[in-house]
Amino acid sequence: MTIPIIPLLKPGDKVFLHAPARAIDTSIAQAAVEIMTSHGLKVESGNTLTTKYLQWSAPDIDRAKELTNAIARPDIKAIFMARGGYGCVRIIDHVDFSPLHKYPKWLVGFSDITCILAHLWQSQKMPSLHAPMLINFKDNTPESIHSIFQQLITGRGELFGDDGIPGTAVGHLIGGNLSVLYSLLGSVSFPDLKNSILILEDVDEYSYHIDRMLYALRRAGAFQHLAGLVVGSFTSIRDHDVSFGYTVHEIFLHHFASMGIPVAFGANIGHHRDQRAFIHGAMATLDVSPQQTWSLQWHYITKQEKEENN
């Protein structure tokens, strides 16, 4: 399947704000709009953004319809998600993503939005942006917010760290929230991880359940032909009175140390104020030195670059 080429953003482009799961307060939405307009973007807000229905922004059918309509509009160049929580899996089978091949655009988000990013990649090989959402704009660091627009404007990014298992890997950057990926296992939305560099992060999970999810993915063969692994932040991790006994770092070593692939720990990806964006589906190189320092670099090939290389 041919990988669609999405135009990088430029001043004057119109972006759409949508809440596929939970909604956000008006003040948070306004703060995000101000940041986007300061980058020269025209902003249109969806009806779901600040409305509320039970724990979601709107009934499933309304969220799915709004996202479908935004995807089909040629004037919209990116769709920024309001926040995660829970709700994307309830609408994923009711959204028509097919117009993206005619009107390719960036879908931006993380956490529960991993469901959409994974589905886009598996069903259409459509890249997207794993990045902070509107709810994060007000409180995240300037560097975190800058990484969103830097990725969408240049198509290039990099991360560095100093803890890992040595080796080199080249592959598409795939992944996101471990719990959401685990919930997609066996469905048409679970991404093929063959020859990919997998990035994982999570929040508010029990240590034993991280181990359980990795075992489920491993036994299902998801990691069988993995090129490399990048472990992001696992924040607010819980334990029982009778401790599981292993740290998150030790759990990942248990599963991946003997696989013969490079592993990078401590990537600035996940549920924290200084998280950085990455292009989901971009070709990347992970290099972990014998001293365990590592670099992850990716480059999204634009239409112009592709034509120049042919």
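How would you order 28-36, 249-257 from highest to lowest mean count of nearby Cβ atoms within 10 Å?
28-36, 249-257
Over the Cα atoms, compute the radius of gyration (one decimal) and Dmax (the largest Cα-Cα distance, rounded to a whole number) for the chain, in Å.
18.6, 61
Please report the antiparallel percentage of the DSSP beta bridges confined to the stretch 14-154, to the nearest 5.
Percent antiparallel among DSSP bridges in the stretch 14-154 is about 5.
Over what distance in Å are the Cα centres of the stretch 1-54 and the stretch 198-256 separated?
Their Cα centres are 32 Å away from one another.
Counting DSSP beta bridges in the chain, what percent are antiparallel, to the nearest 5? Don't skip to the answer; put the middle values down first.
Numbers: 24 of 53 bridges.
The antiparallel fraction comes to roughly 45 percent.
For the stretch 159-299, max minus min Cα coordinate along each principal axis, in Å, sorted largest first?
Here the spans come out as 43, 36, 32 Å, largest first.
Using the per-residue mean of other Cβ atoms lying within 10 Å as a proxy for protection, in what order, highest first, do the peptides 114-123, 197-206, 230-239, 39-48 fall?
The packing order, highest mean first, is 114-123, 197-206, 230-239, 39-48.
Which percent of the Cα-Cα distances in the stretch 14-154 go past 20 Å?
More than 20 Å apart: 40 percent of the Cα pairs in the stretch 14-154.
For the chain, what is the charge dipole size about the Cα centre, in debye to the nearest 20, if Lys and Arg each add +1 at the Cβ and Asp and Glu each add -1 at the Cβ?
860 debye
Output the relative contact order of the chain, whole-number percent, from Cα pairs under 8 angstrom with separation of 6+ residues.
That works out to 20 percent.
Which residue, Ala64, Thr235, Gln291, has the largest displacement toward the positive end of the dipole of the chain when charges sit on each Cβ (Lys, Arg +1; Asp, Glu -1)?
Ala64
What length, rounded to one decimal in nm, is gained on full extension from Arg212 through to Ile5, with 0.36 nm per residue of separation minus their alpha-carbon distance?
Taking Arg212 through Ile5 to full extension adds about 70.9 nm, to one decimal.
Just from its helices, what would the mean residue ellipticity at 222 nm be for the chain, if runs of 4 or more DSSP H residues each count -39500 (n - 2.57) and the sum is divided by every residue, rounded to the nearest 500 deg cm²/dmol?
When only DSSP H runs of four or more count, the value is -8500 deg cm²/dmol.
Can you give the convex hull volume of the alpha carbon atoms of the stretch 114-170 per residue, in Å³?
Hull volume over Cα atoms, normalised by residue count, gives 146 Å³.
Here, each number is a calculation from the coordinates, and none is a lab measurement. Predicted, not measured: the structure shown is a model, and the values here were computed from it. Counting neighbours? That spans all protein chains shown, and the Cβs are built from the backbone with ideal geometry, glycine included.
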